[in-house]
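**Q** For reference, the structure I am asking about is given below.
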Amino acid sequence: MAVVTTALARSLGRSGPVGPDHGGPGALMVRNFWVMRRAWVVVASGFFEPVFFLLSIGVGIGAIVSGFTVMGEEIPYKEFVAPAMLAASAMNGAIMDSTFNVFFKLKFEKVYDAVLATPLGPRDVARAEIGWAVSRGGLYATGFLLVMLAMGLLSSWWALLALPAALLTSFAFAGVGMALTTFMKSWQDFELVLLAIMPMFLFSATFYPVETYGDWRWLVEVTPLYRAVVLMRELCTGLLSEASLVSVAYLATMGVIGMTVAGRRIGKLLLT
């Protein structure tokens, strides 16, 4: 099958432009939708984890902790934690689809072998899967923003930009997640994903300020989830600084690099 696919792909000039009616990355995203529509319970389950953290730690511990100072203003603890959970929500949705699901399609379902026998190319595959992962992250983020709105945790009109920021966060993690997945050989390699995600979630200034780390704060500030947390926190509170621009540039660059590498790796794995 792989030999036939490779021959077809080469004969169709896969790396070049494709016909106007091939459907583009959207065709693969539609395919993903039809496949996942029967697993909506599994998809929806990923939304609740950050909500539970918000309720247990943000609200629970917030009852005994007054709050933290952000940009010279003190904000309640639950308003400090909620934007971080929003960033985590966008990350979780993107990571789930761009790693585990992509690996299954690549190694077991052989979905991309079939896709590359059509006018779609490796870059289309990367765009489609990353776009699908961003959609899932955006879905989680939208739901979480509604929870924050219902709980009165949005104190600025700048919060309207929190959803685009969440999509950018999903794009960054989806791009790098898919790129790294193309290098993985077995399910055991995904232990490394969890090993990276969990510490980032716990230590990216999600539950207390980055100043807590003292001389080691730089190690936290270079992580992608911290950049997302800073961006969300500043937008949701309206306490903006140049750090938001740094975060936008950081996350956009991360996503573009990840998507580029993912496209090239798919082509190398399945067309050579």
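The values are calculated or read from the model by the stated rules, or taken from the named source; none is laboratory data. Here the structure is a predicted model, which means the values were calculated and not measured. Reconstructed Cβ throughout: ideal geometry from the backbone, glycine too, with neighbour counts over all protein chains shown. Heads up: the accessible areas ignore ligands, DNA and RNA and are worked out on the full protein's heavy atoms, side chains in. Shrake-Rupley method; radii C 1.70, N 1.55, O 1.52, S 1.80 Å.
**Q** Given the conditions (1) at negative phi; (2) buried (at least 18 other Cβ atoms within 10 Å of the Cβ), which single one is not true for ALA205?
**A** Of everything listed in (1) at negative phi; (2) buried (at least 18 other Cβ atoms within 10 Å of the Cβ), ALA205 misses just condition (1).
**Q** Can you tell me which residue within region 123-142, out of those that are among the hydroxyl-bearing types (Ser, Thr, Tyr) and open to solvent by 10 Å² or more (accessible area, probe 1.4 Å), is farthest from MET184 (Cα to Cα)?
**A** Among those residues, the one meeting the criterion is THR142.
**Q** Tell me, please, whether a residue that is open to solvent by 40 Å² or more (accessible area, probe 1.4 Å) and aliphatic (A, V, I, L, M) can be found in region 103-122.
**A** The answer is yes, given that some residue of region 103-122 is open to solvent by 40 Å² or more (accessible area, probe 1.4 Å) and aliphatic (A, V, I, L, M).
**Q** What about LEU168, is it part of a helix (DSSP H, G or I), under 18 Å from LEU251 (Cα atoms) and open to solvent by 50 Å² or more (accessible area, probe 1.4 Å)?
**A** The answer is no for LEU168.
**Q** Only residues in region 207-226 that are in contact (Cβ under 8 Å) with a residue 12 or more places away in the chain count as the first member; pair them with residues that are surrounded by 15 or more Cβ atoms within 10 Å (Cβ to Cβ) and in a loop (DSSP other than H, G, I, E, B), Cβ under 8 angstrom, at least 6 apart or cross-chain, and list the lot.
**A** VAL220/SER204; VAL220/ALA205; THR223/SER204; LEU225/SER204; LEU225/THR206; TYR226/SER204; TYR226/ALA205
**Q** Would you check which residues across region 208-222 are under 19 Å from PHE173 (Cβ atoms), open to solvent by 30 Å² or more (accessible area, probe 1.4 Å) and either touching a Gly at 6+ places or on another chain (Cβ under 8 Å) or among the β-branched types (Val, Ile, Thr) (or both) and list them?
**A** Passing the criteria: only VAL222.
**Q** Going by the conditions given, is VAL176 β-branched (Val, Ile, Thr) and either in contact with a helix residue (DSSP H, G or I) (Cβ under 8 Å, 6 or more places away or on another chain) or under 20 Å from SER135 (Cβ atoms) (or both)?
**A** The answer is yes for VAL176.
**Q** Here's another thing I want to ask about it. Check VAL230, VAL193, VAL261 and return the single one that is under 18 Å from the mean Cα position of the chain (by Cα), among the β-branched types (Val, Ile, Thr) and surrounded by 23 or more Cβ atoms within 10 Å (Cβ to Cβ).
**A** Only one candidate passes the filter, namely VAL230.
**Q** Still on this structure, I have one more. Return the residues of region 233-242 that are part of a helix (DSSP H, G or I) and loosely packed, with under 15 Cβ neighbours inside 10 Å; say none if nothing qualifies.
**A** Residue satisfying the conditions is GLU242 alone.
**Q** Hey, can you tell me all the residues within region 171-190 that are more than 17 Å from the chain's Cα centre (by Cα) and crowded, with 22+ Cβ neighbours inside 10 Å?
**A** Across region 171-190, there are no qualifying residues.
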